[in-house]
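One structure is given here, and the rest of the page talks about it.
The values are calculated or read from the model by the stated rules, or taken from the named source; none is laboratory data. Fair warning: this is a prediction, and the values are worked out from it, not measured in the lab. Cβ: placed from backbone, ideal geometry, glycine included. Neighbour counts: every protein chain shown.
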Amino acid sequence: MTEEPCQCSDCQRFYKEHDRLIREFPTFKQQQELNWASIQSFRTLCSKVTDDLQRKLSERESNEDINLEDKHINYIEITEALDDLQSVNAYLYSIEALMERIFDTKISNSIESKFRDIADELAPDPLNMDRLILNRLFHQTPDSPDKKNIN
């Protein structure tokens, strides 16, 4: 028996984004580039935030005017965030190293077309007229599992 996909809002948002990325980037090369750009942008942003927090921490430590209690709360919050972000950056560097290996893989045009075909099956366009008609028909079916029979 197959397990039904989760219907919570977070999972639904993930499924939509997942399908959109397959539709918009249906080839091996496009997926390589998309993932590389995503990792790089995430690493850049985390690095910049880390640098900014380290700068703020240095300023707070050198500023004598801050109330000791406020200084302690901010210090704890910032140092915990810095620890977490440094771990994230280390993981992102590891992923980047793995991605470099993936970039060594080259795929022929005939295999790229197979990627496109499979992408169309995995994530059909939700605005495709045939899919809209099927969805409308499905939701009007009285014996569909999500409908309750009221007698």
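For the stretch 95-146, a tally of residues being of a type in the set (Lys, Arg), surrounded by 12 or more Cβ atoms within 10 Å (Cβ to Cβ) and either modelled with pLDDT of 90 or more or outside any helix (DSSP H, G or I) (or both) returns 2.
A search for C-beta distances below 7 Å between a residue of the stretch 54-65 that is in a helix (DSSP H, G or I) and any residue that is β-branched (Val, Ile, Thr) and at pLDDT below 75, counting only pairs 6+ apart in sequence or on different chains, returns Arg60/Ile66.
Taking the stretch 32-46 as the search range and keeping residues that are in contact (Cβ under 8 Å) with a residue 60 or more places away in the chain and not aromatic (Phe, Trp, Tyr), which one is farthest from Leu21 (Cα to Cα)? Among residues in the stretch 32-46 that are in contact (Cβ under 8 Å) with a residue 60 or more places away in the chain and not aromatic (Phe, Trp, Tyr), the one farthest from Leu21 (Cα to Cα) is Ile39. If the condition is being surrounded by fewer than 13 Cβ atoms within 10 Å (Cβ to Cβ) and among the aliphatic types (A, V, I, L, M), then the stretch 16-60 contributes Ala37, Leu45.
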